[in-house]
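Asks: First the structure, then my questions, so here it is.
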């Protein structure tokens, strides 16, 4: 954003940290930040690649705009220079918002449901949880698989909405005796 610009892109002029607004630059950027926290290790390369691309585009566009503004000022057209800088500020702001929204969409599609989906060949990698999580959760072998048909046929067994926590080493017969 150029100092002295007469206007800025609307998403940069709106927003409240306490009220979600999908049109606000704050929330547009914050959505990527929060989504990335789910799998920072997997997403950061995509985010940094897009960030670098956008920064390089901005640096080049600023170089060109600065040169144009200098020519206008040297020609005595300060109002024209101010309008050029305002137009750049608004248009570049809109472009950054558009590109960041596209990045957000790509990240949601690529990294949803603890999967990594290749956007080109649509291959899916099931990454699961990190090893430390399995250790902490004692979930190395996945969820317990119960003999549901036998449970459903057990007389007097009705769903009560109550949970029963049992050690993972408990046998099926021991579970039946507890319920």
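Asks: Please give the helix 78-111 orientation as an angle from the longest Cα principal axis of the chain, in degrees from 0 to 90, rounded to the nearest 10.
Replies: 20 degrees
Asks: So what's the angle, to the nearest 10 degrees on a 0 to 90 scale, between helix 25-36 and the longest Cα principal axis of the chain?
Replies: 40 degrees
Asks: Using a Gaussian network model of the chain with C-alpha springs under 10 Å, which one of 27, 100, 132 is most mobile by mean-square fluctuation?
Replies: 132
Asks: With the chain treated as a Gaussian network of Cα nodes joined by springs under 10 Å, which of 37, 106, 18 yields the largest mean-square fluctuation?
Replies: 18
Asks: Next up: Neighbouring Cβ atoms within 10 Å as the yardstick, rank 153, 110 fewest first.
Replies: 153, 110
Asks: So if R0 is 30 Å, what FRET efficiency would residue 73 and residue 99 give, r being the distance between their Cβ atoms, rounded to the nearest 0.05? Write down the numbers at each step before the final one.
Replies: Values: r = 30 Å, r/R0 = 1.00.
The computed FRET efficiency comes out at 0.50.
Asks: Where does helix 40-74 land angle-wise versus the long Cα axis of the chain, in degrees 0 to 90, nearest 10?
Replies: With rounding to tens, the tilt is 10 degrees.
Asks: What does the helix-only formula give at 222 nm for the chain: each DSSP H stretch with n ≥ 4 adding -39500 (n - 2.57), the total divided by the residues, and the result rounded to the nearest 500 deg cm²/dmol?
Replies: Working: 7 runs with 105 residues, N = 179.
So the helix-based figure for the chain works out to -19000 deg cm²/dmol.
Asks: Can you give the percent of C-alpha pairs in segment 1-50 whose distance is more than 17 Å?
Replies: Tail of the P(r) past 17 Å holds 49 percent of the pairs.
Asks: Using all Cα-Cα distances in the chain, what percent lands in each 5 angstrom bin from 0 up to the longest?
Replies: With a bin width of 5 Å, the distribution comes to 1, 6, 10, 11, 10, 9, 9, 8, 7, 6, 5, 4, 3, 3, 2, 2, 1, 1, 0.
None of the figures in this text is laboratory data; all of them are computed from the coordinates on show. Predicted model only: the values in this text are computed from it and were never measured. Quick reminder, even Gly has a Cβ in these numbers, built from the backbone with ideal geometry, and neighbours come from all protein chains shown.
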